[in-house]
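Read-outs: derived from the displayed coordinates by stated rules, not from any lab. Since the structure is predicted, the reported quantities are computational estimates derived from the model, not experimental observations. Glycine gets a Cβ as well: all are built from the backbone with ideal geometry, and neighbour counts include every protein chain shown.
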Amino acid sequence: MASRRLLWVVLGLAVVLVLGTVAYRRFLYHEFVGTVIQSPEPAFDFELMSAEGPVRLSDFRGKVVILFFGYTHCPDVCPTTLAKLAKVMEYLDNDAQQVQVLMISVDPDRDSPEVVQSYASHFYPSFIGLTGTPEQIQEVATKYGIYYKKREGTSESGYLVDHTASLILIDPEGYVKLIFPSVVPEDEEYLKAMAEDIRYILRH
């Protein structure tokens, strides 16, 4: 009888230990929806032009920075992506103050600093639009693995620009940490999970 009682005690302790370990692991390890990047080198520190003057990536050290390469004449991907990012900012609530979205134009011939800023801030007040010379944009895009190329459009839209639309997340220490897909899912739970990824990085 005593041995049987001891066996149940041991089994009970084992169950508690297993459940405790599972809970600890869930607390300790965050499951990211973005692709984790373990970059050994800091992100390329560029300088581009905003409507308020020159802006450097390093100006936002201490914040999470999200880079998005797009353009104001973009017919679909750019506006939908920025709208989703605005939703993510809403889910972040007070933590949104520690996040800076930078939209870098891949169409510097048509996107002046004022034009790209007006476009970006239309989606969320704190979003910053940046542009520069074609050479500057090409350098920054190349450093971040962004492809873009002009192609013929319609008489109404003018030319279009095919471009990589991935979202690049840079952590507060200045390292590329996450890449979100070119086409961010519409799913509300996914957008909330993106917000949790950002919140986790802010706290770790």
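Residues in region 167-204 that are touching an Asp or Glu at 6+ places or on another chain (Cβ under 7 Å) and among the charged types (D, E, K, R) were compared, and the one that is farthest from L57 (Cα to Cα) is R199. Of the residues examined, L178 is one that is surrounded by 13 or more Cβ atoms within 10 Å (Cβ to Cβ) and more than 22 Å from A51 (Cβ to Cβ).
So for region 138-152 (the condition being among the hydroxyl-bearing types (S, T, Y) and in a helix (DSSP H, G or I)), does at least one residue qualify? Within region 138-152, one or more residues are among the hydroxyl-bearing types (S, T, Y) and in a helix (DSSP H, G or I). In region 48-61, the residues that are at positive phi form no Cβ pair under 7 Å with any partner that is crowded, with 20+ Cβ neighbours inside 10 Å and of a type in the set (A, V, I, L, M), whether six or more places apart or across chains.
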